[in-house]
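The values are calculated or read from the model by the stated rules, or taken from the named source; none is laboratory data. The shown structure was predicted, so the numbers you read here are calculated from the model rather than taken from an experiment. Note that we place each Cβ from the backbone using ideal geometry, even for glycine, and neighbour counts take in every protein chain shown. Ligands, DNA and RNA are excluded from the accessible area calculation, which covers all protein heavy atoms including side chains. Shrake-Rupley method; radii C 1.70, N 1.55, O 1.52, S 1.80 Å.
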Amino acid sequence: MKKKLKIVWDGILPSNPVLVLLLGMCATLGTTSSALNGLMMGISTMLVLICSNSVISMIKSLVPDKVRIPVFIVVIATFVTLLQLAISAWAPALNESLGLFIPLIVVNCILLGRAEAYASRHNVADSALDGLGCGIGFTLALTALGTVREFLGAGSVFGLRIYPEDYAMLLFILAPGAFIALGYMIALVNRLTR
């Protein structure tokens, strides 16, 4: 049981994909203009990560080394396509909000990195837990960054007004604000973990 919890915990903080490993920056910076967008992108990526890790772990012995990476990408792309179709059908507003970033999950280096580093070397249960842990870590980081950016840039959190919009700093909703906020979050995590 401790081993299973450690697998999940490693993805949440010690090996957080965004705040420690600095992976998946395109999705991190592009989708976190609001807390809700960050949360939804994180959950979407987590679902694909759990499913793709599980399938890759199941088929690892069937895949020759020479075509390992292309096979992993096809597995990931399959789950991203299923996710995008589901979001388009059941949550068109979310599909509109996240737009191009959903298909870009395919090339998110977190997924291929976890497939190569973990799922291709471990059993299905551990691979699914690794996907869950990294997915939770990614979701928490994106939600926290989205919350900070929305609070400072729009005066709200999850759409709830905290202070008048006249006092908000538009910079934090724009791309430079994403870099600034992420830099401070990484510095804070480095400070707390040392």
task: Give the residue that is farthest from Thr143 (Cα to Cα), with candidates limited to residues of segment 4-14 that are over 13 Å from the mean Cα position of the chain (by Cα) and not aromatic (Phe, Trp, Tyr).
output: Lys4
- prompt: Does segment 77-126 hold any residues that are open to solvent by 30 Å² or more (accessible area, probe 1.4 Å) and of a type in the set (Val, Ile, Thr), and which are they?
  reply: Thr78, Thr81, Val106, Val107, Val124
task: Collect the residues in segment 152-174 that are in contact with a helix residue (DSSP H, G or I) (Cβ under 7 Å, 6 or more places away or on another chain) and among the hydrophobic types (A, V, I, L, M, F, W, C), keeping them in residue-number order.
output: Leu152, Ala154, Val157, Phe158, Ile162, Ala168, Met169, Leu170, Leu171, Phe172, Ile173
query: Restricting to segment 53-76, what's the tally of residues that are open to solvent by less than 50 Å² (accessible area, probe 1.4 Å) and more than 14 Å from Arg121 (Cα to Cα)?
result: 3
task: Identify, by number, the condition in (1) of a type outside the set (D, E, K, R); (2) more than 24 Å from Pro70 (Cα to Cα); (3) open to solvent by less than 30 Å² (accessible area, probe 1.4 Å); (4) under 19 Å from the mean Cα position of the chain (by Cα) that Gly155 doesn't meet.
output: (4)
field: Selected residue (criterion: most open to solvent (accessible area, probe 1.4 Å)) from residues of segment 4-24 that are part of a helix (DSSP H, G or I) and in contact (Cβ under 8 Å) with a residue 12 or more places away in the chain
entry: Trp9
message: Based on this model, can you work out whether Ser57 counts as of a type in the set (S, T, N, Q), touching an Asp or Glu at 6+ places or on another chain (Cβ under 9 Å), farther than 26 Å from Ile186 by Cα and in a helix (DSSP H, G or I)?
response: yes
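For (1) modelled with pLDDT of 95 or more; (2) charged (D, E, K, R); (3) in contact with a His (Cβ under 9 Å, 6 or more places away or on another chain), each residue gets a yes or a no:
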| position | (1), (2), (3) |
| --- | --- |
| Lys2 | no, yes, no |
| Gly11 | no, no, no |
| Pro14 | no, no, no |
| Leu21 | no, no, no |
| Gly30 | no, no, no |
| Leu39 | yes, no, no |
| Ile50 | yes, no, no |
| Phe72 | yes, no, no |
